[in-house]
1. Name the pairs: first residue in segment 92-117 and loosely packed, with under 13 Cβ neighbours inside 10 Å and modelled with pLDDT of 90 or more, second residue of a type in the set (A, V, I, L, M, F, W, C) and outside any helix (DSSP H, G or I), Cβ to Cβ under 7 Å, at least 6 apart or on different chains?
2. Inside segment 1-25, can you point out the residues that are in contact (Cβ under 8 Å) with a residue 40 or more places away in the chain and over 21 Å from residue 103 (Cβ atoms)?
3. Can you name the condition, by its number, that residue 46 falls short on among (1) crowded, with 21+ Cβ neighbours inside 10 Å; (2) out of contact with any His (no Cβ under 8 Å at 6 or more places or on another chain)?
4. Cβ-Cβ under 6 Å, sequence separation 6+ or interchain: first residue in segment 57-78 and within 17 Å of residue 120 (Cα to Cα), partner among the polar types (S, T, N, Q) and part of a loop (DSSP other than H, G, I, E, B). Which pairs?
Amino acid sequence: MAKILLAEDDSSMRTFLARALERVGHDVISVADGFEALPHIANSKFDLLLTDIVMPGMDGLELARRASIEMPGIQVIFITGFAAVALNNNTPRHPNARVLSKPFHLRSLVDEIDRVLATA
C-alpha cells in the first residue's frame, strides 16, 4: 500500500487515523504539526501527505508547499473542520490537493486515499 505522512494536532484524532490506516495496510508516520513533519519530509519518501489545515505553528498549507518542493508529485489530502475559511479563493494551496471536511466517515477517507493514489 502507500507510505503516508499524517500531520494532525489533535492527538486522539491522530492516533485514531494512524491506527485505522495501518489496519487497511498503509505505512503511516504521524506527527503533531508541520514543524514535526519537516525532518520526515527531508529524510523519507512519502506517497501521500494527509494533513489538517489549521494547526499551531506551521499550518497544513505551508506543510504541503514544503512537501511538494522536497517531493514533487506527492499527493495531498487536507482534513479540516474549517475548510470554508481556510481554503478561500485567495489562499494558495497544493494544485492537486483534495479536501475532506470534518467530521467524515473513516470509509470516506480510505476511499479518497485510494482515489488519490490511483491517479498518481
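1. Going by the 7 Å Cβ cut-off, the qualifying pairs are 108/100.
2. 2, 3, 5
3. (2)
4. none
The values are calculated or read from the model by the stated rules, or taken from the named source; none is laboratory data. Note that the coordinates shown come from a computational prediction; the quantities given were computed from them, not determined experimentally. Quick reminder, even Gly has a Cβ in these numbers, built from the backbone with ideal geometry, and neighbours come from all protein chains shown.
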